[in-house]
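Accompanying notes for the structure given below.
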Amino acid sequence: MIEIENVTKTYRRGAADVRALRGLSCRIPPGNVTFVVGPSGSGKSSLLYLLGALDQPTSGEIIVNGRRLSQLSRRQRDIYRREQVGFVFQNFNLLNNLNAVENVLVPFLPQGISAARRSEAVDLLQKVGLGDRLDHIPNQLSGGEQQRVAIARALLKRPALVLADEPTGELDSESGAEIYRRLRDLRDQHASTVVVVTHDRTHIQAADNVLTLRDGRLATT
Amino acid sequence: MFRFSLKNLFSRPVRTLLALCGLTVAIAGMVGLFSVADGIESSVAATFGKVPGLTVMQPGAPIPLFSRIPAVWGAEIARLPGVHVVHPEVWTRAHLIEGKPSISPPRFLFGSDLAVAEKLRYSVYREGLKEGRILTAADRGTQHALISRAIADQFKKEVGQTLRVDGRDLEVVGVYECNSLFLDVAIILDIELVRRMGRVGDDSVCNFYVEPDAQVDRDDLIERIKDLFRGRALETWQPTLDALVPNSGPDSNEKPKTIAAQAFLSAISEASKPIKQAASDDDPIEVRSSDDWAREFKRFSADLDIFLLLMTGIGVSIAFVGIVNTMLMSVTERFIEFGILKANGWSNGDVLRLIAFESALLGICGGLVGCLFGWLATLAINAHWPTRIHLYAGPRLLLWSVCFSTVLGVLAGLYPAIRASRMMPMDAIRRG
């Protein structure tokens, strides 16, 4: 269970303060797919960054399985991100000098890459339809292909929490559907909690949890 | 991680090359500068390693050229137990060779008691003979000379030809080569001839070279020689131009006329202040072993080391700032990358390690290339001026330079690395 308690987030953009979240409170059930929807600037991505401990709230608390993220040490936050969170960025954020397989393996580079892990990464890329693009660097891949690499990277560690920021924004409908199928498989096989920020409601199913944000607050659940 | 670091460096070739150039220039400069001091040290070690005996001379005189001691004392030393041979020596500067002032490199006339020299078990000049023959007792009273290969090459002389020195035509009978800047400066002549050329009285010599018996403890012998003369009167050496001014000879009007020559003589006199006081006021002589000579030269070169250290420090500081700047720029433009890595679970330590790896790789490569350039430069300089300078970049200096460069690279990358690793992932991505 993820509990979000009266969270605010303000950051500076140039000379101005941007209030991305303005006292957001809600709960995200475990082992479920949760969609965060809302207009641009409503604070969807900011919420996702806070859930993944990529950023810190200005105030309020985020509690993941009983642990307050604000009370985690720097090292504990690193471990949390490494072991429990798989993050898919809106703009992929792949490393330009690494090929597809190496990009998928990025989370494990500091520990060293075993043959089994490499073969798992190759397997995952094949499953997302990139079996013939393994050695290609991001510049040689289309936007959709890059997104699939980014998703494979997030899925490789079988995280307890998958956070995806517009994961199918660059994909055609068929590829988008495939990506959601993968995310739901992950949820089914590993009881992962999946949180997706999207504008596209076509992939939302009846059993999914939906959070609608407006002006940094929860509009409806 | 190592491969990732390499990829990162290769994916930014211009920045990597700039950082490498900064390090290479600094390290090559450092190797070049310190090779001067090491060259002196290695020359000294090579030279004095070849001179196994003891030198008895006037206390305080920096080198035998400036020393004067009574010639009769030689016989007393020779009677001491443990002494094999006492070889009287007279040194003076050669001022004009083939009509040209001999300033840099300096040349010296070395007067040898040729009959005594034949008794020496080991003579560095005898061992270094390359052409012709050495001087023997039969050469006494002649103007026969044994010259070094450097002097022969400089004045294009061969065995059988004459070399005009301070107005005298010396007949070259042999050529030696010791491969030492300090030894290959001498023109060896009969001692009486050098006395006349250097205006050294019959009752004086510059020094005695004492060859001990094989099994004698040198320190004991040094003490016995000192004890022998303790309490006798002999003035401590004071700086003077006497040993340097042009000497008399058939062409005594052949004197250095240039201002530069006079300035050189003054400078030599000033630089030749006593480097070591007599062990006690009662000692009218000083006895130096090869170790003492090496120590004295090391003390002299310590001042040079400080100067070189300062010069290198300035160069390295400039390189350090340059490398920090390069690394800072490199890290700043990669904030997004570090944010992504942290978002994917990389810890601060992992990011720090990555940047440190890259900096260390730059440091090692810069160090190796710098050492290579520095080393090649010393070889080229030595080859171009074989008789004037001897630079030596030994394994110790080269290894030290590579280690220093590596540490420099890591330190230069540390600040930007710490800065990058402490950011929250999204802060890094937003700043990028």
Kirkwood calc, region B:161-238, C-alpha pairs only, radius in angstrom 16.4
Along the charge dipole of the protein assembly as shown, which of B:Gly60, B:Val321, A:Thr34 sits closest to the positive end, that is, farthest toward it, with unit charges on the beta carbon of Lys, Arg, Asp and Glu (+1, +1, -1, -1)?
A:Thr34
What translational diffusion coefficient, in µm²/s and rounded to a whole number, does the Stokes-Einstein relation yield for region B:102-211 at 10 °C and a viscosity of 1.306 mPa s, taking the hydrodynamic radius as the Kirkwood radius over Cα pairs?
113
Taking 7 Å along the Cα-to-C-beta vector as the label spot, tell me the B:Phe2-B:Ala138 distance in nanometres, rounded to one decimal.
6.9
Net charge around B:Val72, counting only other residues with Cβ within less than 11 Å of its Cβ (Lys, Arg = +1; Asp, Glu = -1)?
-3
Calculate how steeply helix A:173-190 sits against the longest principal axis of the alpha-carbon atoms of chain A, using the helix alpha-carbon long axis, and give the answer as 0 to 90 degrees to the nearest 10.
80
Debye log10 I(q)/I(0) at q = 0.10 Å⁻¹ for chain B, Cα point scatterers:
-0.77
What order do you get for A:Ser175, B:Ser67 when you list them from fewest to most C-beta neighbours inside 10 Å?
A:Ser175, B:Ser67
Quick one: what do you get for the protein assembly as shown if you divide its Cα Rg by 2.2 N^0.38 Å?
1.58
Taking the Cα atoms only, what angle lies between the long axis of helix B:290-332 and the longest principal axis of chain B, rounded to 10 degrees?
20
Other chains near B:7-15: what is the mean number of their Cβ atoms within 10 Å of each residue's Cβ?
2
How high is the relative contact order of chain B, given as a whole-number percent (alpha carbon pairs under 8 Å, six or more residues apart)?
28
In region B:80-124, trypsin sites (Lys or Arg not before Pro) in a DSSP loop with at most 16 other beta-carbon atoms within 10 Å:
B:Lys119, B:Arg121
What do you get for Rg/Rh over region B:327-381 if you use C-alpha atoms and the Kirkwood form of Rh?
1.26
If packing is taken as the mean number of other Cβ atoms within 10 Å per residue, what is the order of A:137-146, B:80-89, highest first?
B:80-89, A:137-146
Using only Cα atoms, tell me the angle between helix B:348-384 and the longest principal axis of chain B; keep it within 0 to 90° and round to the nearest 10.
30
Using the Cβ atoms and a cut-off under 11 Å, what net charge is assigned to the surroundings of B:Ala115, where Lys and Arg are +1 and Asp and Glu are -1?
-2
First check a/c for region A:1-101, with a ≥ b ≥ c the square roots of the eigenvalues of its C-alpha gyration tensor; if it is under 1.5, answer rounded, and if not, answer prolate when a/b is larger than b/c or oblate otherwise.
rounded
When the helices in chain A are scored as -39500 (n - 2.57) per DSSP H run of 4 or longer and the sum is shared across all residues, what 222 nm value do you end up with, to the nearest 500 deg cm²/dmol?
-9500 deg cm²/dmol
Residues B:Val287, A:Val37 arranged by fewest to most Cβ contacts within 10 Å
A:Val37, B:Val287
Over the Cα atoms of region A:88-134 the radius of gyration and the largest Cα-Cα distance (Dmax), both in Å, equal 10.7, 30
Can you give the average number of partner chain beta-carbon atoms within 10 Å of each beta-carbon in peptide B:345-352, as a whole number?
6
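Specify whether the C-alpha gyration tensor of region A:141-207 places it in the rounded, prolate or oblate class, a ≥ b ≥ c being the square roots of the eigenvalues: rounded for a/c under 1.5, otherwise prolate if a/b is larger than b/c and oblate if not.
oblate
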For region B:61-72, just list the computed ³J(HN,Hα) in residue order, Karplus coefficients 6.51, -1.76 and 1.60, θ = phi - 60°, integers in Hz, with x standing in for Gly and Pro.
5, x, 9, x, 3, 9, 9, 9, 9, x, 5, 6
Roughly how far apart, in whole Å, are the Cα centres of region B:1-51 and region B:297-342?
12
Rounded to 0.05, the calculated FRET efficiency for the beta carbons of B:Ser204 and B:Ser42 at R₀ = 35 Å is 0.55
Sequence-distant residues sharing a close amide H with B:Arg68 (under 5 Å, placed H):
B:Gln58
At R0 = 35 Å, FRET efficiency that the Cβ-Cβ distance of A:Thr212 and A:Ser142 yields, to 0.05:
0.65
Under a Cβ-Cβ cut-off of 12 Å, what is the net charge of the residues other than B:Asp350 that fall near it, where Lys and Arg count +1 and Asp and Glu count -1?
+4
Among DSSP bridges having both ends in the protein assembly as shown, what percentage is antiparallel? Round to the nearest 5.
65
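Coordinate-derived values only; no laboratory data. Owing to the predicted nature of the structure, the values given are computational and were not obtained by experimental measurement. Cβ atoms come from the backbone with ideal geometry, glycine included; neighbour counts cover every protein chain shown.
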